[in-house]
Amino acid sequence: MEEKLKQISDRKPNCIKVVLYGPESTGKSSLAQELATIYDTVYVKEFSREYAETKAEHNLKLTKKDVLPIAIGQMHWENEQLKKANRVLICDTDLLETKVYSEFYFDGSCPDLVKKYALKNTYDLYFLTYIDTPWEADGIRDQPNTRLQMFTAFEQALVDSKKKYSIVKGSFEERLNMCITQINKLLNK
C-alpha cells in the first residue's frame, strides 16, 4: 500500500514539478491546462474530482474510507504523467491538498499514510490560488461560504510543512503570468 503513495524515483533530470493548490473554485484546473499548453507538457488532473463524480452518479457521498483510494489514484496519475512530461510537470493538486480536505471534511481525520506522503513527496513550487475568483457550483463543489477558512487552512499546511509557495491572485491572465514568471525562474536556474 505504501508504495502506491510514493513518487517514482526515476524523476527526469531537469524536470520541475509544480502544484496548483488551494480551495475549490479558484481556477486551478484552468491554470493547469493552460500552463501545460504553454510549456508543451502534460498535467496531472485532479483524481478526487472524477472519483467524487462517479460516487455522485450513484447517489453516494465521499466518506473517510475514500481518502486513501483518492490519494493512491492521485499518485498513480502523477507518476504516469511524469513519464510523459518534458521540462515541467503541472499537478492540479497533490497529497497535501488531499490531507487538508480530509481533515476539513472528516473532523481532523486523515489516514496516517496520506499524512506521511503529503509531507514526504516533493515539488519545486506550490501555487496557492487565492479566493478572489467567483465561486461556481458544479455538483461537486459544496463550500461557497468557507473559502477564506479553507484558504487559511491550505496556507497553514504549506507553512507547517515548510513547502515553497507563491500566492496567485487576480484575473486569469494575471494568475497565468505569475505562474509563468515563477516557472521560468525555476527553469533558468
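Bear in mind that the values in this text are calculations on the coordinates, not laboratory data. Being a predicted model, the structure only gives us computed values, none of them experimental. Positions of Cβ are generated from backbone atoms using ideal geometry, with glycine treated the same way; all protein chains shown enter the neighbour counts.
Comparing 113, 128, 89 in a Gaussian network model of the chain, where Cα atoms under 10 Å apart are tied by springs, the biggest mean-square fluctuation is seen for 113.
With q set to 0.13, 0.22, 0.27, 0.31 Å⁻¹, the log10 of I(q)/I(0) for segment 15-60, from the Debye formula over equal scatterers at the Cα positions, is -0.38, -0.83, -1.02, -1.15. Sorted largest first, the spans of the alpha carbon positions of segment 13-187 along the three principal axes are 42, 33, 33 Å.
Could you state the number of Å between the C-alpha centres of segment 93-117 and segment 31-82? Here the two parts' Cα centres lie 15 Å apart. Here the Gaussian network model covers the chain, with springs between Cα atoms less than 10 Å apart; of 88, 67, 159, 159 fluctuates the most.
Just want to confirm a number: the relative contact order over segment 28-179, from Cα pairs under 8 angstrom separated by 6+ residues, in percent.
Computed over segment 28-179, the figure is 25 percent.
How large is the dipole of segment 13-187 about the Cα centre if only Lys and Arg carry +1 and Asp and Glu carry -1, each at its Cβ, rounded to the nearest 20 debye? Don't skip to the answer; put the middle values down first.
On the way: 23 positive and 25 negative charges, 126 e Å.
Charge dipole, segment 13-187, about its Cα centre: 600 debye, nearest 20.
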